[in-house]
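Report on the following structure.
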Amino acid sequence: VWLVRADGAAAPRRGRTGGAGADDSVRPPVAAAESALTVVDTAPPRPLFASLSVEAPPEAQVSLDGRAVSKGEWSSDSLSPGRHVIRGLLPSLEGCPTAQDVRTIQLDSGESERLSLRLAPCGELQFDMRPAVRARYTLTATRGQVQRAGAIPLTEPLVLPQGVYRLVVQASLCQEYRDDSVRVTAAGTGPMRPVRFTLYCD
């Protein structure tokens, strides 16, 4: 298509955008993008806390990081991640080696742990031996690793975790004495009865 100017000269007619004979110099710029794309994270949110369950005897005092939290079993699902100290304490005789259990645990976000505190009350044990000679004794727990050894006569009663023990007594010129059923009961559950036995000596 040609247009005739006033001076009679022909000039090309600028076509519409996209049409035949269109002049690219007058086409509107193309947008860089129709719209901005938004990336959506569909993964579940990462847990902020950790969970912990503690098993302990009903009479045990349980503390977390120095703060008392319960008597007996305890659990929480809102612990901050990191290092925690759990302590269980039973009322028992002074010097009882199993009245306290202290554990240190490291927890991560979203982690769940179960902890069983090993606690047992103690009782006292005394010997009533005839004849009254100097001897040596050995006590071994029939369940567990508790072992005690020393001289007879005792200067004071033995403090031991409740349970059943194997007793072996040896003395010079005497037959060895054995008893596989020496029982120690927790203090406060009844009177202490000494273990009575006789050594046969030359």
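The values are calculated or read from the model by the stated rules, or taken from the named source; none is laboratory data. Every value quoted in this text rests on a predicted model; they were computed, and no experiment measured them. Cβ coordinates were reconstructed from backbone atoms using ideal geometry, including for glycine residues, and neighbour counts include every protein chain displayed.
Key figures for this structure:
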item	result
Test for GLY190: is it more than 30 Å from PRO44 (Cα to Cα) and free of Cβ contacts under 8 Å to residues at least 12 places away in the same chain	yes
Residues of the range 47-71 satisfying the condition of being over 11 Å from GLY88 (Cα atoms), crowded, with 16+ Cβ neighbours inside 10 Å and among the aliphatic types (A, V, I, L, M)	ALA50, LEU52
Selected residue [of a type in the set (D, E, K, R), surrounded by 15 or more Cβ atoms within 10 Å (Cβ to Cβ) and at negative phi] from ARG143, ARG166, ARG136	ARG166
Extreme residue, nearest to VAL159 (Cα to Cα), among residues of the range 66-113 that are acidic (Asp, Glu) and assigned to a strand (DSSP E or B)	ASP101
Residue that is surrounded by the most Cβ atoms within 10 Å (Cβ to Cβ), among those in the range 173-191 that are hydroxyl-bearing (Ser, Thr, Tyr) and within 15 Å of THR138 (Cα to Cα)	TYR177
Close pairs (6 angstrom Cβ cut-off, 6 or more residues apart or separate chains): closer than 30 Å to VAL164 by Cβ in the range 102-127, hydroxyl-bearing (Ser, Thr, Tyr) and at pLDDT 95 or above anywhere	ARG114/SER53
Odd one out for TYR200, checked against (1) of a type in the set (Phe, Trp, Tyr); (2) surrounded by 15 or more Cβ atoms within 10 Å (Cβ to Cβ); (3) over 29 Å from PRO58 (Cβ atoms)	(2)
Any hit, the range 165-181, residues being touching a Gly at 6+ places or on another chain (Cβ under 9 Å) and assigned to a loop (DSSP other than H, G, I, E, B)	no
Tabulated pairs, the range 166-180, first under 11 Å from TYR200 (Cβ atoms) and at pLDDT 95 or above, second hydroxyl-bearing (Ser, Thr, Tyr) and loosely packed, with under 13 Cβ neighbours inside 10 Å, C-beta under 9 angstrom, 6+ apart or interchain	CYS174/TYR200; GLN175/TYR200; TYR177/THR198; TYR177/TYR200
Sole exception among (1) assigned to a loop (DSSP other than H, G, I, E, B); (2) under 25 Å from ARG178 (Cβ atoms) for GLU124, by number	(1)
